[in-house]
Amino acid sequence: MDFGLVQLLWNEGWGLAILRGALVTIAVGILGMIFGMAIGLALALIKWARVPVLTLLVDAYATIVRSVPGLLVIYLLFFGSVEFITSVGAFFGYEGLFQNAYSFLVGVAAISLISAAYAAEVFRGALASIHKGQIEAARALALPRRRLYSRIIGPQMLRYALPGINNVWQSTIKDTSLVSVTGLAEVMRIAYVAAGSTKQPLLFFVIAAVVFFAITLASQSLFDLLERNLNRGVKAG
């Protein structure tokens, strides 16, 4: 065992800092995914229902967000408003606290907007995959709209959308690394600071890679379990 490495990670506190950074990364990813899925589902329903005007706006939003780098979205949100937030924080005497909290909120907001653009297409495709005959039969039976969505449309949409949701999540958790430009102490930010402080860039960037791999591996196992449960009793093909 390399005791110098142990001392570097434990005694100097970098191991604990990376752990805290991993928790921040997971928090930003999960919150961004939750809000992104909610927004994406609403946008998908608008496109599926072909609501006039709103459908064009949804198409424009999805096209614009998916056409620009995620880093640019973060830059626009953060640097377009950080001076105002810093001024507000300084006025109340909590400049550092305001800026740290705002970095987190901007990170969540940016990740939400990015994931929503992709989730909208995933949900739209899933909705389009539902056989129209089932919906027509439910309406012929005068099934209430709430039950139509909760018993027929919702479960099938989720089953069809799950693989795509998995892909959106994997991209989302990797996109959290872009939030480091706001100064938020997530995994990549901690790794960058530690690499510069200890002159051990390879070590800390490898550790960051391992952290991301562990998160995606665990989440992939969870999605596999969900997919098996949703497809239980469904005839293949």
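The values are calculated or read from the model by the stated rules, or taken from the named source; none is laboratory data. As the structure is a prediction and not an experimental result, all values here were calculated from the model. Cβ coordinates were reconstructed from backbone atoms using ideal geometry, including for glycine residues, and neighbour counts include every protein chain displayed. To get the accessible areas, we keep the full protein, side chains included, count just its heavy atoms, and leave off ligands, DNA and RNA. Shrake-Rupley method; radii C 1.70, N 1.55, O 1.52, S 1.80 Å.
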Checklist entry - Given the conditions (1) over 30 Å from I207 (Cβ atoms); (2) of a type in the set (A, V, I, L, M, F, W, C); (3) modelled with pLDDT under 90, which single one is not true for L56? => result (3)
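Name the single residue, out of those in segment 63-84 being within 19 Å of the chain's Cα centre (by Cα) and either of a type in the set (D, E) or part of a loop (DSSP other than H, G, I, E, B) (or both), that is surrounded by the most Cβ atoms within 10 Å (Cβ to Cβ).
Step by step, filter segment 63-84, then rank; the result is V68.
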Next on the checklist: Can you confirm whether K174 is within 30 Å of F78 (Cβ to Cβ) and modelled with pLDDT of 80 or more?
Outcome noted: yes
Checklist outcome for this item: Those residues of segment 110-150 that are in contact (Cβ under 8 Å) with a residue 12 or more places away in the chain, more than 29 Å from S180 (Cα to Cα) and part of a helix (DSSP H, G or I) come to a total of 11
Checklist outcome for this item: Those residues of segment 171-225 which are among the β-branched types (V, I, T) and under 13 Å from I18 (Cα atoms) amount to V187, I190, V193, V206, I207, V210, V211
Item to check | Residues (aliphatic (A, V, I, L, M), over 13 Å from L113 (Cα atoms) and touching a residue at least 24 places away in the same chain (Cβ under 8 Å)) located in segment 34-49 | outcome: A44, L45
Item to check | segment 128-168, residues that are crowded, with 16+ Cβ neighbours inside 10 Å and under 21 Å from the mean Cα position of the chain (by Cα) | outcome: M157, R159, Y160, A161, L162, G164, I165, N166, V168
Next on the checklist: Which of the numbered conditions does G36 fail, given that it passes all the others? Conditions: (1) within 30 Å of A214 (Cβ to Cβ); (2) modelled with pLDDT of 90 or more; (3) open to solvent by 20 Å² or more (accessible area, probe 1.4 Å).
Outcome noted: (3)
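Answer yes or no as to whether S197 is closer than 30 Å to V211 by Cβ, in a helix (DSSP H, G or I) and modelled with pLDDT under 90.
Yes: the conditions hold for S197.
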Checklist outcome for this item: If we ask which residues in segment 169-183 are open to solvent by less than 20 Å² (accessible area, probe 1.4 Å) and either free of Cβ contacts under 8 Å to residues at least 40 places away in the same chain or aliphatic (A, V, I, L, M) (or both), their number turns out to be 2
Next on the checklist: For segment 46-62, which positions are farther than 16 Å from A110 by Cβ, open to solvent by less than 60 Å² (accessible area, probe 1.4 Å) and of a type outside the set (G, A, S)?
Outcome noted: I46, K47, V51, T55, V58, D59
Checklist outcome for this item: The residue from L225, L202 that alone is aliphatic (A, V, I, L, M), modelled with pLDDT of 90 or more and open to solvent by 60 Å² or more (accessible area, probe 1.4 Å) is L225
Checklist entry - If you go through segment 8-33 one residue at a time, how many are more than 17 Å from Y192 (Cβ to Cβ), in contact (Cβ under 8 Å) with a residue 40 or more places away in the chain and open to solvent by 50 Å² or more (accessible area, probe 1.4 Å)? => result 2
